[in-house]
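Got a structure for you, questions after.
The values are calculated or read from the model by the stated rules, or taken from the named source; none is laboratory data. Values in this document were obtained by computation on a predicted structure and should not be read as measured data. Here the Cβ positions follow ideal geometry from the backbone for every residue, glycine too, while neighbour counts run over all protein chains shown.
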């Protein structure tokens with residue numbers, strides 16, 4: 001009789017704890033549908049009132065099929081992050097897959113129990129029971145609620161599962177809201193990345209050719225600085241297209257409708273350069289028969305591009321510094337101070353830092369110009385752009401010279417790609433213009449290119465300048481073109497050239513042609 005009364009008292013105490021716990025859950029749900037604000041206190045209450053040591057809420061990502069621990073009690077942050085499972089993997093994965101609760105009296109006896117978080121590795125696993133129930137919304141399983149407790153023969157694990165199932169049904173709506181929010185966030189992140197990628201690909205100034213990594217970085221810098229008023233210093237070797245970068249910045253800025261005035265600082269002597277930049281008054285020097293506006297004054301409201309700024313004479317550097325600092329100047333021989341609103345874009349192929357150590361370039365002017373530096377990579381560092389530029393120049397000069405150039409042969413492409421291009425894009429343009437003028441067959445061959453590009457390692461024959469040497473080179477070009485057209489099929493190449501496969505095979509061996517590289 002006494003034992004029965006004790007059992008009834010224990011049962012009543014449990015029911016009171018359960019009612020108190022369910023009341024706390026309902027109160028939390030009434031305050032918020034934020035999953036962390038709801039489930040965190042629930043797991044804490046389970047630990048306090050029901051003796052459950054660890055608890056987790058695991059959510060299912062419907063797109064990836066992966067489950068992850070969203071909220072946990074009794075786990076460190078690093079342990080929580082380790083809790084990731086696939087559907088059907090481990091006890092939790094099986095619960096989500098089948099939709100049925102799981103009771104593991106001793107986790108040491110259950111091979112499916114993975115302990116992915118590593119939170120139980122230092123404990124006696126024979127003393128730990130594990131309970132897991134699915135979280136359902138209608139017929140859809142959207143996650144799982146699990147808890148650990150120390151094994152106790154007097155405790156009904158089925159009753160614990162029943163309680164967990166009730167709580168899981170109560171928080172299901174909050175879980176769904178969190179799940180949808182997480183999925184929407186991931187979609188937004190993916191969409192943002194896609195749009196950023198599209199913008200990077202889309203923003204390419206129309207006057208610049210190139211899709212290499214180095215040039216994409218330049219385009220990104222142009223996009224960032226164009227609508228600002230910051231001074232820009234464009235650096236790079238001669239012939240890389242620094243003036244085109246300046247054009248792109250100006251015509252993509254809010255000053256696009258205003259003048260873009262260009263000055264080559266290395267092309268004029270000091271006396272003339274000062275007058276060119278700042279203008280002069282009538283009678284300021286011999287030959288100054290009238291007042292003349294300088295380039296700064298002409299570019300007022302727009303942009304001035306100072307090319308080869310590293311060659312500025314010291315006295316002109318001082319006057320330029322004042323313009324950059326105060327936005328004012330006087331004409332040569334004048335006393336009236338002129339106020340201007342001009343954006344300065346400078347360019348140089350010289351090492352300004354070395355010039356500063358030598359005392360040839362003012363340090364304060366350097367920092368005024370170098371507000372937003374842009375480095376234009378040389379052509380040898382952007383090999384993937386060589387053919388894009390070559391095709392562009394072929395089209396331009398073929399149109400200008402009324403010629404029909406259909407393509408560049410493989411041999412010539414190899415030569416273009418192997419050359420180191422010390423003169424950069426300007427040198428490539430000159431080479432293509434020359435080749436277009438020399439070609440009379442609608443194709444640019446290797447022998448149309450300058451001698452500097454004619455290397456034995458890429459021509460396959462040593463250039464003796466003899467008739468036989470020229471014939472061999474021409475024959476090799478024809479065979480390579482036929483193999484390229486036939487995608488490396490020597491029989492098809494023989495048909496194209498009107499000969500036999502045996503002869504093609506002998507010629508391929510003679511000229512050391514790797515026909516396999518043309519196969520797709």
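In the list 142, 166, 135, which residue meets the criterion of being touching a helix residue (DSSP H, G or I) at 6+ places or on another chain (Cβ under 7 Å), buried (at least 17 other Cβ atoms within 10 Å of the Cβ), more than 13 Å from residue 39 (Cα to Cα) and in contact (Cβ under 8 Å) with a residue 12 or more places away in the chain? Let's see the steps before the verdict.
On the way: 166 fails: buried (at least 17 other Cβ atoms within 10 Å of the Cβ); 135 fails: more than 13 Å from residue 39 (Cα to Cα).
Among 142, 166, 135, only 142 is touching a helix residue (DSSP H, G or I) at 6+ places or on another chain (Cβ under 7 Å), buried (at least 17 other Cβ atoms within 10 Å of the Cβ), more than 13 Å from residue 39 (Cα to Cα) and in contact (Cβ under 8 Å) with a residue 12 or more places away in the chain.
Out of all the residues in segment 316-334, is one or more buried (at least 18 other Cβ atoms within 10 Å of the Cβ) and closer than 30 Å to residue 213 by Cβ?
No, the conditions are met nowhere in segment 316-334.
Taking segment 38-50 only, how many residues are out of contact with any strand residue (DSSP E or B) (no Cβ under 6 Å at 6 or more places or on another chain) and either in a strand (DSSP E or B) or in contact (Cβ under 8 Å) with a residue 40 or more places away in the chain (or both)?
The qualifying residues number 3.
Determine, yes or no, whether residue 21 is modelled with pLDDT under 75 and either in contact with a helix residue (DSSP H, G or I) (Cβ under 7 Å, 6 or more places away or on another chain) or closer than 19 Å to residue 163 by Cβ (or both).
yes
Within segment 100-109, is even one residue modelled with pLDDT under 80 and either in contact with a strand residue (DSSP E or B) (Cβ under 9 Å, 6 or more places away or on another chain) or part of a helix (DSSP H, G or I) (or both)?
Let us first name the residues in segment 100-109 that are modelled with pLDDT under 80, namely none.
No - not one qualifying residue is present in segment 100-109.
Please go through segment 286-324 and pick out each residue that is assigned to a helix (DSSP H, G or I), farther than 15 Å from residue 346 by Cβ and under 41 Å from the mean Cα position of the chain (by Cα). Spell out the reasoning first.
Going residue by residue through segment 286-324, those that are assigned to a helix (DSSP H, G or I) are 295-298, 309-311, 314-324.
Applying the additional criterion that residues be farther than 15 Å from residue 346 by Cβ yields 297-298, 314-315, 318, 322.
Correct list: 297, 298, 318, 322.
On to the next question. Which ones in segment 373-397 are surrounded by 19 or more Cβ atoms within 10 Å (Cβ to Cβ) and assigned to a helix (DSSP H, G or I)?
Listed by number, the residues that qualify are 379, 385, 386, 389, 390, 393, 394.
Would it be correct to say that residue 244 is outside any helix (DSSP H, G or I), surrounded by fewer than 21 Cβ atoms within 10 Å (Cβ to Cβ) and on the phi < 0 side of the Ramachandran plot?
It is false that residue 244 is outside any helix (DSSP H, G or I), surrounded by fewer than 21 Cβ atoms within 10 Å (Cβ to Cβ) and on the phi < 0 side of the Ramachandran plot.
Further question: Which one of these is in contact with a strand residue (DSSP E or B) (Cβ under 6 Å, 6 or more places away or on another chain), surrounded by fewer than 18 Cβ atoms within 10 Å (Cβ to Cβ) and closer than 30 Å to residue 317 by Cα: 370, 351? Can you show your working first?
Values: 351 fails: in contact with a strand residue (DSSP E or B) (Cβ under 6 Å, 6 or more places away or on another chain).
The match here is 370.
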